[in-house]
Amino acid sequence: MARKIEILARALHRQLIWDGCVNVRDLGGLPTEDGRQTLVGVVVRSDSPSYLNEVGLGDLQAYGVRTIVDLRLPDEAGEFPYPFVTPGDHGIQYSNISFIDPDLPVADGITDLASDYTSMLDRFGHQVLEIVRTIANAPPGCVLVHCTAGKDRTGLISALLLDLVGVAPEVIAADYALTGEQRRAVTDEYLVNGPGTRAEREDWLRYTWPYPRVMAAVLDHLAMHYDRAEGYLRTIGLSEAEIQSLRERLVGSDRDTPSPGLDLENWEGSEV
């Protein structure tokens, strides 16, 4: 049976081929609840550009990326750099803003991936504020947001952006789950040759797999405790002007003609 989340991505031509990376996709082309559609070419999510070869680095530049927001820890960024981290004639503005504060102790009460994610949002609001503020104030051109795998930290920032502009929760959850499909070869290799026993690797993949239900639980948490992403972003200190800037970047101004978007009448996200 064809996977509905894979069909969604291919139908919208959202998956990008940047040679060396495996988990790159545009946040554009997704329907919003008010009949609009997120704009293509304004925000891209990915795994680390440190995986890109020379061809892939050219792919990134050719796509119009002018701002990169690197969510990795400073040690990660330092160990696995790429050419755009230093100023040059590439014309790309780079910021390393770690989503995680390494100085804070590990949170208590983490029982699954969803609770890990909600704890990150609750505890690292200052970091999230700096990240989304950088996106809101980015110069014209495409913004690339990435971590290492493009799954957890990148997935949370992407979900906040999409929820802010009114993309339906089931669509956001499906977009998150696409990472499992795009990284399938990587996880298959880990399952065969990774450290520890096969049973341990299987347990780890079950815990970390990007099921749609994981992001659905995060979005439920945002709705219950903050009045969705907009309320969360206001709580952590994002200004009205910055919220409006994000909306205009992702869906255009209120004066723009709404797009009919994707027909979701009989569509549901499925688990992998």
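Every number here is computed from the coordinates shown, using simple stated rules; none is lab data. Quantities reported herein were computed from a predicted structural model and do not represent experimental measurements. Cβ sites come from the backbone with ideal geometry, for glycine too, and all protein chains shown count toward neighbours.
Computed per residue of the chain from DSSP H runs no shorter than four, each worth -39500 (n - 2.57), the mean residue ellipticity at 222 nm is -14500 deg cm²/dmol.
The range 19-34 and the range 206-257 have their alpha-carbon centroids 16 Å apart. Please report the net charge: other residues with Cβ closer than 11 Å to the Cβ of Ser115, K and R +1, D and E -1. Charge balance near Ser115 sits at -4. Extending 7 Å from Cα along the Cβ direction at Ala241 and again at Ala199 yields two label points whose distance is 6.0 nm. Relative to the current alpha-carbon distance between Asp34 and Ile110, full extension at 0.36 nm per residue lengthens the span by 23.8 nm.
Would you mind classifying the range 28-105 by shape? Square roots of the alpha carbon gyration tensor eigenvalues, ordered a ≥ b ≥ c; an a/c under 1.5 is rounded, otherwise it is prolate if a/b is larger than b/c and oblate if not. Note, shape of the range 28-105 comes out oblate.
If contacts are Cα pairs under 8 angstrom and at least 6 residues apart, what is the relative contact order of the chain in percent?
26 percent
The average projected area of the range 4-241, computed from the convex hull of its Cα atoms over all directions, is 13.4 nm².
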